[in-house]
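Comments concern the structure below.
Just so it is clear, none of the values below were taken in a lab; they were calculated from the coordinates. Note that this is a predicted model, so its numbers are computed, not measured. Neighbour counts are summed over all protein chains in view; Cβ atoms, including those assigned to glycine, are modelled from backbone coordinates with ideal geometry.
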Amino acid sequence: MSTVVKTSPHETRTMPAFDVYRVRKDFPILHQTVHGKPLVYLDNAATTQKPQAVIDAITHYYRTDNSNIHRGVHVLSERATEAYEKTRLAAQKFINAADSREIIFLRGTTEAINLVAQTYGRKHVGAGDEVLVTNMEHHSNIVPWQMLCEEKGAKLRVGPINEHGELLLDEFEKLLGPKTKIVAVGHLSNALGTINPIKQIVGMAHARNVPVLVDGAQAVPRMPVDVQDLDCDFYAVSGHKMYGPTGIGFLYGKAELLEAMPPYQGGGDMIASVTFDKTVYNRLPYKFEAGTPNIADTIALGAAIEYLNQLDLKNIEKHEAALLDYATGQVQEISGVSVVGTAQEKAGVLSFVMDDIHPHDIGTILDSEGIAVRTGHHCAQPVMQRYQIPATARASFGLYNTREEVDALARGIRKVKEVMG
Ligand SMILES: Cc1ncc(COP(=O)(O)O)c(C=O)c1O
């Protein structure tokens, strides 16, 4: 894809719409050596690196605007409040929520799912009821539901996956019954890269009046997401996986559901009035934002969203798809390497195992080559159990990764074979 750019008053040039080498300059951390080799950062599913714009937003806030929000009448407080609320509007637009009241700032995906389990879940799930997840969920979309089921005497049901790591939709639909009170499903699997057919899943669940929570941690940095089009009821996001800071993320929830849910935590800001007899809760979204929030990182998340908007997620999606294709081809050419997760619809993640070599050794030898990958169960132990493996090595891509880095990965894997062989 290319765009025509006016480079001078007399000249126009066709430029690539997405120039990865230019983009890399925005990320200071990438330009370093590790063990004497240029850093090749392929651990983006764990966390992404931050562009200068995000780093600057944090510094700017603490240097010029630091103040508590919502309650102050002075200039600093007004500026901080305005910047904080500006991120809410940016987040609303980013996932196309109908209303900014539907965006609740939290620490991230884990906290967002716990919020829904502890509020909506506690209110609607009772003894004998069921919560439906899939076999490929991250622990953060399993354990909060398990805790709820344990407390309520309810049952966690699990939609099975095939050998490629694709959800078996027919089986999944059969598990949806009158006892199902909520479906919780990942948009993009961090362990396999599988993209789940969310619209279809939502259609199946809504036909039975069952709401759907989507874990969007890995999807939002990799593809345009439109929650109104998906028609999901809740969508959970982590800022640090979308080039923003750690410690901030958000939950999208349909307003009518959020309105009817009890608060998650009590404290300042989430109230309209308090007496010892009765507390009246604040309106949305503040009802769910008790106490002083993570103001600096929320503002910097706004900078990350603006950065992604400028690059355009459609370009990022194409860039990463080409990279994943190329990497899959390169890695599969090496004998003794097997890719885990070969879904038709897949993005961002290349999990693999090597004959007779423990993933931990793969990770350590790649690190000695300056290549950062993750090894282990990726907080998705039930996926590992499904494939009867203890762990995988996982290369996960971000918008700044290049074909040359994929070549370095392939060379690194060959070195692993040499050293361990
Ligand atoms: C698919 C998925 N869901 C949820 C999470 C949890 O995100 P966080 O730790 O930012 O809350 C992760 C993090 O790896 C993830 O990959």
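Quick check: from the Cα gyration tensor, does region 100-167 come out rounded (a/c under 1.5), prolate or oblate? Please list the in-between numbers first.
Numbers: a/c = 2.27, a/b = 1.18, b/c = 1.93.
Oblate.
Computed packing ranks the peptides 29-42, 271-284, 229-242 as 229-242, 29-42, 271-284, most packed first, by mean other Cβ atoms within 10 Å.
The stretch between residue 275 and residue 168 holds 33.3 nm of extra length on full extension. This uses 0.36 nm per residue minus the Cα-Cα distance. Principal axis extents of the Cα atoms in region 231-376, from largest to smallest and rounded to whole angstrom, are 71, 32, 28. If the limit is 19 Å between Cα atoms, which of 152/287; 25/50; 123/287 go over it? In this structure, 152/287 exceed 19 Å between Cα atoms.
Highest-first packing order for the peptide set 250-259, 200-209, 59-68 is 250-259, 200-209, 59-68, based on the mean count of other beta carbon atoms within 10 Å.
If only the Cβ of Lys and Arg carry +1 and only the Cβ of Asp and Glu carry -1, the dipole of region 55-310 around its Cα centre is close to 420 debye. In sequence order, region 213-229 has phi-based couplings of 9, 10, 7, x, 3, 8, 7, 4, x, 10, 7, x, 10, 10, 5, 6, 5 Hz under the Karplus curve 6.51 cos²θ - 1.76 cosθ + 1.60, θ = phi - 60°, and Gly or Pro positions carry x. Our summary gives region 55-310 a relative contact order of 24 percent, counting only alpha carbon pairs under 8 angstrom and 6 or more residues apart. Scalar couplings 3J(HN,Hα) for region 91-104, obtained by applying the Karplus form with A = 6.51, B = -1.76, C = 1.60 to θ = phi - 60°, are 5, 4, 5, 4, 10, 6, 6, 6, 8, 5, 5, 8, 10, 10 Hz; x denotes Gly and Pro. Expressed as a fraction of 2.2 N^0.38 Å, the value expected for a compact globular protein of N residues, the C-alpha radius of gyration of region 256-313 is 1.52. For residue 340, the amide hydrogen comes within under 5 Å of the amide hydrogens of 351, 352, 353, counting only partners 5 or more places away or on other chains and with H modelled in the peptide plane. GNM on the chain, alpha-carbon springs under 10 angstrom: the most fluctuating residue among 378, 74, 138 is 74. Classify the chain as rounded, prolate or oblate from the Cα gyration tensor: take a ≥ b ≥ c as the square roots of its eigenvalues, call it rounded if a/c is under 1.5, otherwise prolate when a/b beats b/c and oblate if not. Verdict is oblate for the chain. Projected over all directions and averaged, the alpha-carbon convex hull of region 137-192 occupies 4.2 nm².
Remind me, relative contact order of region 13-54 in percent, using alpha carbon pairs under 8 angstrom and six or more residues apart? It rounds to 39 percent for region 13-54.
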